[in-house]
1. Give PRO50, PRO7, PRO14 a once-over and let me know the one that is free of Cβ contacts under 8 Å to residues at least 12 places away in the same chain, open to solvent by 10 Å² or more (accessible area, probe 1.4 Å) and more than 21 Å from the chain's Cα centre (by Cα).
2. Please state which of the following conditions ALA131 fails to meet, knowing it meets all the rest: (1) within 16 Å of ligand 2 (Cβ to nearest atom); (2) more than 30 Å from PRO215 (Cβ to Cβ); (3) in contact with a Pro (Cβ under 7 Å, 6 or more places away or on another chain).
3. With the requirement that a residue be more than 30 Å from SER86 (Cα to Cα) and out of contact with any helix residue (DSSP H, G or I) (no Cβ under 6 Å at 6 or more places or on another chain), what does the stretch 31-54 give you?
4. Between residues in the stretch 185-197 that are part of a helix (DSSP H, G or I) and residues that are within 10 Å of ligand 1 (Cβ to nearest atom) and aromatic (Phe, Trp, Tyr), which pairs lie under 6 Å by C-beta distance while being six or more apart or on different chains?
5. Being assigned to a helix (DSSP H, G or I) and either within 16 Å of ligand 1 (Cβ to nearest atom) or aromatic (Phe, Trp, Tyr) (or both) is the filter here; which residues of the stretch 270-291 pass it?
6. Hey, among the residues in the stretch 134-175 that are more than 16 Å from ligand 2 (Cβ to nearest atom) and open to solvent by less than 10 Å² (accessible area, probe 1.4 Å), which one's nearest to GLY53 (Cα to Cα)?
7. List the number of the failed condition for THR318; all other conditions in (1) away from ligand 2 (no atom under 16 Å from the Cβ); (2) modelled with pLDDT under 95; (3) over 15 Å from ALA89 (Cβ atoms) hold.
8. Only one of (1) in contact with a His (Cβ under 7 Å, 6 or more places away or on another chain); (2) assigned to a helix (DSSP H, G or I); (3) modelled with pLDDT under 95 is not met by PRO50, so which one is it?
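The values are calculated or read from the model by the stated rules, or taken from the named source; none is laboratory data. This one's a predicted model, so the numbers in the text were calculated from it and none came from an experiment. Note that we place each Cβ from the backbone using ideal geometry, even for glycine, and neighbour counts take in every protein chain shown. In case anyone asks, the SASA skips ligands and DNA or RNA and just uses the protein heavy atoms, side chains included. Shrake-Rupley method; radii C 1.70, N 1.55, O 1.52, S 1.80 Å.
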Amino acid sequence: MERKATPFIWQAGPVLGIESSCDETAAAVLAPDGTILAERVLSQIAEHAPWGGVVPEIAARAHLAALSALVEDALREAGLGFADLSAIAATAGPGLIGGLLVGTGYAKGAALAAGKPYLAINHLEAHALTARLPGLTAQAPTFPYLLLLLSGGHSQCVTVEGPCRHKLLGTTLDDAVGEAFDKTAKLLGLPYPGGPALEALAREGNAKAFALPRPLLHRAGCDFSFSGLKTAVAQLVEAQPAGALPRPLAADIAASFQAAVTDILADRLDHALSLRPEVTAVIIAGGVAANTAIRTRLTEVVAARGKRFIAPPLRLCTDNAVMVAWAAIERLRAGLVDDLAAPCRPRWPLETP
Ligand code: KG4
Ligand code: ZN
């Protein structure tokens, strides 16, 4: 479905952003120049941990229970009421439909009641445009630049050519990279979410202990694949004597897995940069961007190609509402708002405007 944004002249003023597409409920208020006036994030990890992953129905109910108070709290900190806002934006996709309905429903209701414009924001675009958030870097990158999104739900390499103008260079053919971390961590007996626990364990291990597969390495294009790697770890674990894995062995497997993922990501990013030499910078986003080994290696790849590497602080790498409000400001500056009838789009490829 084509997006039909309505042309609009923005009366520059504070913007409220809402994020509820997965397991973080978040609200933020930004000044029209992008200065953060207030930001709130409520993680649902504790609610989902007993189930070993995000449960959509639990997520939707938790968003519903938390969102209204969270928005009021953010507005209170900003010293503003709904009447002071110039626009209200919410993530409208991609993501879990229940959470998207809660966030967009709230934003539309508030926009209607306060007589403010509404914006339906693409979550992936919000991650991408974070690179241009004022204050993040001394100078915002110019278009085109490259987004490497490494989260629990997405693994994508995208060229960002302007607000609403993106080209997908590569994506995962199977598991998202965060998902691969979480599933591998589970095999090693680590708690959910597995990424941080696996990274900590990997520090104790030998990354060369096991030669694990590196799917698609050196292949054409920028697609990723992680399921073969996960299966190799599963087979390795199954081949061990029954019972809990000895910690040194688990640490060697964790370190070998992390090294394989790092090699895959470095290779795919280097390929992307060779295909699109005109990009000015690379921004990373998503929870996996917290991983020090991965961050360090990607920094080297980008430096070797003579590009800028933008690694936002973790709170702006993972799901947050600052990025939603900022993406809204970029759209408002371009004179675009959405109709209140704009739908939620659980699947919303970044290339679809
Ligand atoms: O972007 P994010 O917070 O949200 C979702 O995608 O929902 O990403 C979460 C993912 C999880 O899969 C988590 O295990 C992974 O990011 N993650 C990490 C690390 N910290 C979080 N993976 C590897 N190393 C880490 N230090
Ligand atoms: Zn995200």
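1. Testing whether each residue is free of Cβ contacts under 8 Å to residues at least 12 places away in the same chain, open to solvent by 10 Å² or more (accessible area, probe 1.4 Å) and more than 21 Å from the chain's Cα centre (by Cα) leaves just PRO50.
2. Of the numbered conditions (1) within 16 Å of ligand 2 (Cβ to nearest atom); (2) more than 30 Å from PRO215 (Cβ to Cβ); (3) in contact with a Pro (Cβ under 7 Å, 6 or more places away or on another chain), the odd one out for ALA131 is (2).
3. ILE45, ALA46, HIS48, ALA49, PRO50, TRP51, GLY52, GLY53
4. Here the result reads GLY194/PHE181; GLY195/PHE181, each pair linking the stretch 185-197 to a residue that is within 10 Å of ligand 1 (Cβ to nearest atom) and aromatic (Phe, Trp, Tyr).
5. GLY287, VAL288, ALA289, ALA290, listed by residue number.
6. It comes out as GLY170.
7. If we test THR318 against (1) away from ligand 2 (no atom under 16 Å from the Cβ); (2) modelled with pLDDT under 95; (3) over 15 Å from ALA89 (Cβ atoms), just (1) comes out false.
8. (1)
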